[in-house]
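The values are calculated or read from the model by the stated rules, or taken from the named source; none is laboratory data. Fair warning: this is a prediction, and the values are worked out from it, not measured in the lab. Methodologically, a virtual Cβ is constructed for each residue, glycine included, from the backbone with ideal geometry; neighbour enumeration extends over all protein chains shown. The protein model used for the area step is the full one, side chains on, heavy atoms only, and it has no ligands, DNA or RNA in it. Shrake-Rupley method; radii C 1.70, N 1.55, O 1.52, S 1.80 Å.
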Amino acid sequence: MTGLTSNPVPGRRSLTQISDLSDSEIVDLLGRAEIYRKQELGTRRFSDELKDSVVATLFFEGSTRTRLSFTLAAERLGARVIDLAVSASSVSKGESLKDTCDTVSALGADAVVVRHPNEGAPLQIASWTSLAVVNAGDGCHEHPTQALGDLFSLSSAFEGVGNLAAKKIAIVGDILHSRVARSLSALLGRFGSKVVLVGPPDMMVDRPSALGAEFSFDLDEVVGEVDVLYLLRIQRERIQGGYHSSIDSYTRRFQLDQKRYLRMAPKSIVMHPGPVNRGVELAVKLPEERSLISEQVRNGVLMRMAVFSKILATASDDRRSQRGVFGD
Amino acid sequence: MTGLTSNPVPGRRSLTQISDLSDSEIVDLLGRAEIYRKQELGTRRFSDELKDSVVATLFFEGSTRTRLSFTLAAERLGARVIDLAVSASSVSKGESLKDTCDTVSALGADAVVVRHPNEGAPLQIASWTSLAVVNAGDGCHEHPTQALGDLFSLSSAFEGVGNLAAKKIAIVGDILHSRVARSLSALLGRFGSKVVLVGPPDMMVDRPSALGAEFSFDLDEVVGEVDVLYLLRIQRERIQGGYHSSIDSYTRRFQLDQKRYLRMAPKSIVMHPGPVNRGVELAVKLPEERSLISEQVRNGVLMRMAVFSKILATASDDRRSQRGVFGD
Amino acid sequence: MTGLTSNPVPGRRSLTQISDLSDSEIVDLLGRAEIYRKQELGTRRFSDELKDSVVATLFFEGSTRTRLSFTLAAERLGARVIDLAVSASSVSKGESLKDTCDTVSALGADAVVVRHPNEGAPLQIASWTSLAVVNAGDGCHEHPTQALGDLFSLSSAFEGVGNLAAKKIAIVGDILHSRVARSLSALLGRFGSKVVLVGPPDMMVDRPSALGAEFSFDLDEVVGEVDVLYLLRIQRERIQGGYHSSIDSYTRRFQLDQKRYLRMAPKSIVMHPGPVNRGVELAVKLPEERSLISEQVRNGVLMRMAVFSKILATASDDRRSQRGVFGD
């Protein structure tokens, strides 16, 4: 498949996984995000670029942070956002996912942002509806806008995506269950970065090489030689009963503590998709110039603006002319 | 009572039940909805017709779908919408319904959309406050905007409300507890349609003729001779312990399955207020031209726009002049 | 400390307690609220004064009424509002309050409205972040915008803040746990009003004089000689097991019933921050001219508009120029 997932409505497209994107589409998204950053520093944060669009959020797993990032991104482009609070909605009344999406579409939405526990759910939705679908995390599969936002942060930190080819990035934590690790490895591999996946054996993927990555079970082996340490959030419930008998035994080996921090290369930086479990993944107060964590949140909004702009701007133009043909 | 329920604020009116509406008001609402449909097909979906208005939603029973339909309708006219999430609000702190409405009004709302388990609650609210009240479903009483939206869908499907006089519509399911059945029968009777209510004896109203309708306990008797089959949503908890001992025994007699679908008249259509319980009310994949279900959702938004426009547009003009007199 | 709490972002300031405000700042806020009232009576309720601003609400205790008042105030000035529903958000995942605020700021918010069970939490947040912080109630400490809105209502009722010096105001109820009592006493004392705190001994503060107030354990002693009776909302769970063995014994002594109402001075008025427990604090239907309760809700929105305008308008201008310097 080349390009974003195509869609029955001309010009409207979906973003369900990194492999859907061509290199030039990724570069285009980075360029759009950069334009929004410049506008933000200028006089206006809000535009009416998507003023006739409606975006729905459909989160089958809670995440206020990610949902708000998408919401603000859409609103800053002038779109309206409706939230289908899943627990309170028809979904809990036994309505099928396809019927829900048909309803969302009939209510007037142009795009739906989906977080779902099942791998592939957003792709399935994209095949069913004429909505543009954005994957906001599907099971342990992908979280493409997080990875694209992180790429934008890295590209800014190293002054251009071209400079990422020479960089080494360690992703640390529960690799096996991390959709961020999966999307980010896929993306960084495309730009020539060396990715090393770090975590205990029971949290490692079977074939790291399939993600274009090396792997290590030992953070101390890796910490001194990377440009970026990307710490994943630990789900405490995944620790108990696994390889590590407790959070303590996990943190002893994989926490960024003072000792490990001092061994990091002088200009290396720390990333984390948030929210940080202080005292678990991270036990050190990072100087501002060594942390990209807040920048990741900021850039996440800008990248999601870029994604909405790309998948909806044309659709919005086409909707009128197309519906004008079929519906008038 | 003729016309919409009157209101202490001149020009501002309430919609609590179908009988409040004169025939010419209904035709006016259909005309307004048609104008919004045409605008939607044109260049703009959003206007600033109600740009100074605030609409509050007050749902004592959950319904994301209906709430969002009202929300989008108001927003597409430029109004602001606030949601008084009932479980989290003062209502759960023992505040009286009247005090809640006074607060909503004092906060600056012009209209309140109410769903309430008690029959007549919206009418009571309308008598207490200067807010325009829209009934979004009160107990087993009425759901007038759903019925008006459905009338709009039928009018479009049969190319004009004038053609409804010759049509026969079966409403199938738990008639006794259905506010949709009540509002829709009342409305269709006004336009000369033949309505037949279909369901098991313990789910039938005592006097169908009071709704201007015939009745039947046997879907098979009716299915071949109607122009429209309107399936109601089954509340599973209502089945157990009633006439039917199980969902299975209910569906055997009242589900639209393949066999019954094949017996339907060639150009007849299927409606459902949603969300559909697949495998209960409906067990067949309907061809697009035979189903109005998505169209009902789409038209529900347009009809609610028409209602807001009618009950608030004048109010908004009057508010200024009137407050200008009394308050300045 | 003079003036509103200062903030790392020039022009952006916080409002965490009444003592932060100088007399002239209070008068300025009253003046702004009055301007918004006049605009409301004129042609427009909505402006674009803060059209580039984003306000976040972060309520660790539920209060739909207060949250909506802030939300509408911000929206009427053209700002966007995001709600960080605390129970569903990262906060419940163990994220620290500081990290949450950093995220809110990085998402693009300019101000955060905080309600928190811990005294001083908003002040702490203001010291951590570059967000403008507005205290929407912290434990038993303060609720400054409620008190400022009430001051505005009193100032309007008595035709100018200058006339408050000659007035006597009784605040009745659970003084000990009331942040409204604390903020309002502090504020009224500044304008020369006589405040008398009325409640049972176990609900009285240790040193009423520290709040610039007198006190009484007997409402009957006070009710005939005040200009304003400000009834606090009773938390039923605070009654059981305290000085009063039941709600009944409390209401016998501190409820405004018909008998006490008839003893009030002819032009005296009743206030309540809402929501009213009918039959507890109040058991009489007040004539409109004797109750400020709805007016308090209305003026609460106008005063919060004044606060946002004061703490953000300059910030919004500065953000551009300042970021233009540091970030471009």
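Computed from point charges on the beta carbon alone (+1 for Lys and Arg, -1 for Asp and Glu), the dipole magnitude for the range B:59-202 about its Cα centre is near 400 Debye. Other residues within the sphere of radius under 15 Å centred on the Cβ of B:Phe191, judged by their own Cβ, net out at -2 (K and R +1, D and E -1).
Ranking C:Arg252, C:Arg260 from most to least accessible surface, computed with a 1.4 Å probe over the protein chains only, gives C:Arg252, C:Arg260. Comparing A:Leu97, A:Leu176, A:Leu123 in a Gaussian network model of chain A where C-alpha atoms under 10 Å apart are linked, the largest mean-square fluctuation is found at A:Leu97. The antiparallel fraction among DSSP beta bridges confined to the range A:146-288 stands at about 0%.
Under 5 Å from the amide H of B:Thr57 lie the amide H atoms of B:Ile82, B:Asp83, B:Leu84, B:Val113, each residue being 5 or more positions distant or on a separate chain, with H modelled from the backbone and absent for Pro and chain starts. Of all beta bridges that DSSP places with both ends in the protein assembly as shown, some 5 percent have antiparallel geometry. Rg and Dmax, both from the Cα atoms of the range A:83-230 and both in Å, are 18.2, 55. Once C binds A, the 1.4 Å probe can no longer reach about 2400 Å² of accessible area, counting both sides.
For chain B, the relative contact order is 20 percent, taking Cα pairs closer than 8 Å that sit 6 or more residues apart in sequence and dividing their mean separation by the residue count. Distances from A:Leu41 to itself in the other copies, using label points 7 Å out along the Cα-Cβ axis, amount to 4.8, 4.8 nm in increasing order.
Structural descriptor for the range C:105-233: relative contact order 21 percent, calculated from alpha carbon pairs under 8 angstrom and at least 6 residues apart.
Scaling the Cα radius of gyration of the range C:145-292 by the globular reference 2.2 N^0.38 Å produces a ratio of 0.96. Counting heavy atoms of the protein chains alone, B:Leu292 has an accessible area of about 20 Å² for a 1.4 Å probe.
Using the beta-carbon distance between C:Asp220 and C:Leu41 and R0 = 41 Å, what value does 1/(1 + (r/R0)^6) give for FRET efficiency, to the nearest 0.05?
Numbers: r = 40 Å, r/R0 = 0.98.
Efficiency for this residue pair is about 0.55.
Just the protein heavy atoms count here, and of the accessible area of the protein assembly as shown at 1.4 Å, carbon and sulfur take up 50 percent. Residues C:Asp248, C:Asp206, sorted by accessible area with the largest first, give C:Asp206, C:Asp248 [1.4 Å probe; ligands and nucleic acids excluded]. Probing with 1.4 Å while keeping every protein chain in the model, the per residue accessible area of chain C equals 37 Å². Note that the protein assembly as shown carries a Kirkwood radius of 30.7 Å, evaluated over its alpha carbons pair by pair. For chain A, what is the percent of antiparallel DSSP beta bridges, rounded to the nearest 5? Here the share of antiparallel DSSP bridges comes out near 5 percent.
Quick one: net charge of A:Ile169's neighbours, Cβ under 9 Å, K/R +1, D/E -1?
Details: positive: A:Lys167, A:Lys168, A:Lys194; negative: A:Asp227.
Result for the neighbourhood of A:Ile169: +2.
Each pair of Cα atoms in the range A:148-220 enters the Kirkwood radius, and Stokes-Einstein at 10 °C and 1.306 mPa s then converts it into a translational diffusion coefficient of 129 µm²/s.
Looking at the square roots a ≥ b ≥ c of the eigenvalues of the Cα gyration tensor of chain C, which shape do they give, rounded for a/c under 1.5, prolate if a/b is larger than b/c, or oblate? Each step should come with its number before you reach the end.
Details: a/c = 2.04, a/b = 1.58, b/c = 1.29.
Judged from the Cα gyration tensor, chain C comes out prolate (a/c at least 1.5, a/b above b/c).
Estimated at the nearest 10 Å², the accessible area of B:Ser96 is 40 Å² with a 1.4 Å probe. Listed by chain and number, the lysines placed with their C-alpha closer than 19 angstrom to that of C:Lys310 are C:Lys38, C:Lys51; residues fewer than eight positions away on the same chain are left out.
In terms of accessible area, using a 1.4 Å probe and ignoring ligands and nucleic acids, B:Ser47, B:Ser185 rank largest first as B:Ser47, B:Ser185.
Among all stretches of chain C without exposed GluC sites (Glu not before Pro) (DSSP loop, at most 16 other Cβ atoms within 10 Å), which one is longest?
The longest such stretch corresponds to C:160-328.
Label-point spacing for C:Val27 across the identical copies (point 7 Å from Cα in the Cβ direction), in nm and ascending order: 6.4, 6.4.
Rounded to the nearest 20 debye, what is the charge dipole size of the protein assembly as shown about its Cα centre when +1 sits on each Lys and Arg Cβ and -1 on each Asp and Glu Cβ?
Working: 120 positive and 120 negative charges, 98 e Å.
For this selection, approximately 480 debye.
Using the alpha-carbon positions of the range C:207-291, Rg (one decimal) and Dmax (whole number) come out as 13.3, 38 Å. Sorted from nearest, the other copies put their C:Gly139 label points 4.7, 4.7 nm away, the label point being 7 Å from Cα in the direction of Cβ. What net charge is computed for the residues neighbouring B:Ala265, neighbours being all others with C-beta under 9 Å from the C-beta of B:Ala265, Lys and Arg scored +1, Asp and Glu -1? Cβ neighbours under 9 Å give a net charge of 0. Estimated at the nearest 10 Å², the accessible area of C:Lys194 is 110 Å² with a 1.4 Å probe.
Ignoring everything except DSSP H segments at least 4 long, calculate the 222 nm mean residue ellipticity for the protein assembly as shown; use -39,500 (n - 2.57) per segment, divide by total residues, nearest 500. Please report the intermediate quantities before stating the final value.
On the way: 33 runs with 399 residues, N = 984.
The per-residue figure over the protein assembly as shown is -12500 deg cm²/dmol.
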